[in-house]
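The values are calculated or read from the model by the stated rules, or taken from the named source; none is laboratory data. Since this is a predicted model, take the numbers as computed values, not measurements. For neighbour counting, all protein chains shown are included, and Cβ atoms are generated from backbone atoms with ideal geometry for every residue, glycine included. Only protein heavy atoms, including side chains, enter the accessible area calculation; ligands, DNA and RNA are left aside. Shrake-Rupley method; radii C 1.70, N 1.55, O 1.52, S 1.80 Å.
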Amino acid sequence: MCGIVGYVGGRKAAGIIYGGLKQLEYRGYDSAGIATLEDGKISVVKRRGKVSVLQPYIGGLGGTAGIGHTRWATHGGPSDENAHPHSAGKFSIVHNGIIENYSELKEKYFPDTAFLSETDSEIIARLLDKFYDGDFLYALKKVADLLKGSYAAAVICADFQGLALIKRNNPAIIGYGEGENFAASDAPALSFCKQITILEDGDVAVLTADGVSIFNERLQGVIRERIVNPATPLSLELGDCPHYMLKEIREVPASVERTRTAYLSVENKVGLTLAGAERIIITGCGTAYNSGIIAKRFIETFAHMPVETEIAGEFRYKNPIITPNTVVVAISQSGETADTVEAAKLAKRLGAVVVAVTNAPYSQLTRCADAVVPVEAGSEICVAATKSYTGQLTALYLMAKTLAGQGAAEAVKSLSAVAPLCERVIAEGADIDTLADMCARASGVYFLGRDIDHGVALEGSLKLKEISYVPSEGYPAGELKHGTLALIDIRTVSVFLITSPRLAEKSANAVEQVLSRKGKAAVITNVAAVRERFAGRVPVISIPECDEYLSPFLTAAAVQLLAYKTALLLDRDPDKPRNLAKSVTVE
Ligand code: AGP
């Protein structure tokens with residue numbers, strides 16, 4: 001959730017750390033801070049707000065070693081006090097994760113101490129200060145042993161010209177330079193390093209300008225593999241787009257194209273891994289889960305194989321039933337979502353074959369998977385997932401075709417029409433303006449559809465509430481009359497997705513039910529009869545005609561644009577919605 005950066009070398013640390021934090025802002029943006037070490041003295045600047053609040057202070061922070069943090073609040077609201085780094089005695093720390101036993105530790109070791117923040121993280125600095133007797137490594141190990149929960153923490157000590165990292169259940173990465181070394185919670189912050197090491201749980205790493213030493217849980221020196229850094233710097237350029245969200249929606253066609261091409265190189269491995277599969281469980285969170293709902297339809301239709309979908313945060317606590325030949329497909333843009341990673345690990349422990357569908361090679365998720373289906377969406381900066389969702393649909397469609405026994409070349413070809421059709425939807429996005437205006441004024445917006453349209457309805461609803469804060473629900477159109485219809489009145493808008501000629505008449509009936517209760521409605525469709533029936537009665541967003549199972553790619557682009565335009569009308573920041581972060585690495 002939070003972003004961490006550390007530096008030690010010959011250059012001024014603050015500017016380098018600031019640059020890294022800018023790259024990690026998607027992990028949280030409610031406060032930020034930097035601590036640097038100069039001549040055995042630690043200086044700290046931390047403020048509520050986005051990383052740029054630190055900019056005026058960078059010049060004044062001396063020292064060639066330091067740590068920095070961009071925060072997504074878990075314990076204690078966004079404030080200057082709760083911003084990291086947290087300091088005690090000779091130590092300053094930044095932390096990503098949740099220390100579950102912090103109250104217990106506080107009560108046991110500091111019953112009479114007034115802490116300076118409401119965070120769970122401050123306990124790390126306090127404990128280091130308490131157990132430090134001149135041996136930095138010993139103090140780190142002692143404290144790591146006391147902590148329960150998840151953490152990646154970077155630490156500086158006034159007595160040591162360098163920094164240290166401890167980690168459990170949260171990512172921590174080391175980047176190597178010439179006469180300098182780097183630390184981060186995520187590879188994009190270190191994209192300029194050719195080589196990186198991904199630390200393992202329980203590791204303690206100590207970094208100086210001259211080298212890096214890594215110790216395992218028993219404090220034995222270990223050698224961890226150096227790998228070529230797969231990260232490219234996040235392109236922070238907006239081009240002619242006012243927001244990353246619009247830029248990334250415009251990149252949907254490229255995401256589809258790259259992902260379908262990439263599938264050719266993994267199809268063999270994926271095919272071998274899926275051979276013998278008799279039952280599929282798909283898991284993920286938020287948008288990734290929603291793409292799994294569509295994947296269920298793909299697999300059931302193409303391969304006639306039973307599929308269950310499970311929200312990862314539920315799956316991991318429900319004692320799941322894993323029968324022989326069960327394959328668990330874990331979907332995650334970041335590959336670091338704690339619930340999804342833990343669900344995948346649990347599935348593996350219970351004997352399932354695990355397939356990861358992700359945008360992030362070398363993420364925690366890929367490391368516990370038997371096979372990886374890559375999503376080549378490119379870096380996504382906006383908190384709301386757009387091009388990664390469509391990339392996931394692409395990867396999952398192709399995986400479903402493999403399960404159905406279809407060759408990759410043919411399957412990949414069957415998606416060739418998708419990118420140009422998505423381009424048309426995006427280019428004609430202006431038609432959505434009237435509907436966006438209705439949504440911006442609504443007391444609630446319902447997204448309704450049947451079968452595969454229901455999956456996109458869920459995603460449309462999530463996108464709208466996430467960035468516009470308009471209350472919204474996604475629902476199967478047929479279920480409307482079993483309860484939700486009671487909510488319909490003149491202040492509500494019901495957006496119907498109708499792409500299946502088979503089910504068009506049924507869904508059209510539901511539109512009539514809404515209109516006859518004086519609710520407002522709109523239709524997103526590629527069925528001519530539906531277009532004609534509702535033209536002039538409600539806003540009709542027309543999308544190109546296509547195969548029923550390609551329609552989610554197109555309706556997804558339409559609902560993404562709708563959410564974006566609604567958010568702008570309400571003066572929201574679509575890229576950084578309140579209370580959220582892009583990558584949720586805590587429970
Ligand atoms: C999507 O717009 C959301 N930001 C959120 O639901 C996201 O999809 C979810 O947190 C899962 O993230 P992941 O794909 O990185 O695992």
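Brief remarks on what is shown
- Calculated [θ] (222 nm, deg cm²/dmol) that DSSP helices of n ≥ 4 give over the chain, each run adding -39,500 (n - 2.57): -10500 deg cm²/dmol
- Near the amide H of F496, within less than 5 Å, lie the amide hydrogens of L448, A522, V523, I524, all on another chain or at least 5 residues away, with H placed in the peptide plane.
- Peptides 145-155, 166-176, 399-409 ranked from most to least packed give 166-176, 145-155, 399-409, packing being the mean of other C-beta atoms within 10 angstrom over each peptide's residues.
- Computed magnitude of the charge dipole of region 444-504 (debye, nearest 20; Cβ of K, R +1, Cβ of D, E -1): 100
- Residue-normalised accessible area of the chain, expressed per residue, 1.4 Å probe, Å²: 37
- Straight Cα distances below 16 angstrom link K148 to the lysines K106, K108, K167, with same-chain residues fewer than 8 positions distant left out.
- For the chain, a simple Cβ point-charge model (Lys and Arg +1, Asp and Glu -1, everything else neutral) yields a dipole of about 480 debye relative to the Cα centre.
- Carbon + sulfur, % of accessible area of region 1-119 - ligands and nucleic acids excluded, 1.4 Å: 49
- Think of the chain as a dipole: +1 on every Lys or Arg Cβ, -1 on every Asp or Glu Cβ, centred on the Cα centre; then among I490, A385, G9, I490 lies furthest on the positive end.
- Region 409-506: GluC sites (Glu not before Pro) in DSSP coil with no more than 10 other Cβ atoms inside 10 Å: none
- Taking amide H positions as modeled 1.01 Å from N, with prolines and chain starts lacking one, the residues under 5 Å from S31 and 5 or more places away or on another chain are G49, R71.
- J(HN,Hα) series, region 487-499, from Karplus relation 6.51 cos²θ - 1.76 cosθ + 1.60, nearest Hz, glycine and proline x: 8, 6, 8, 5, 8, 9, 10, 10, 9, 9, 9, 9, 10
- Kyte-Doolittle at least 1.0, axis length at least 20 Å by Cα - qualifying DSSP helices, the chain: 551-569
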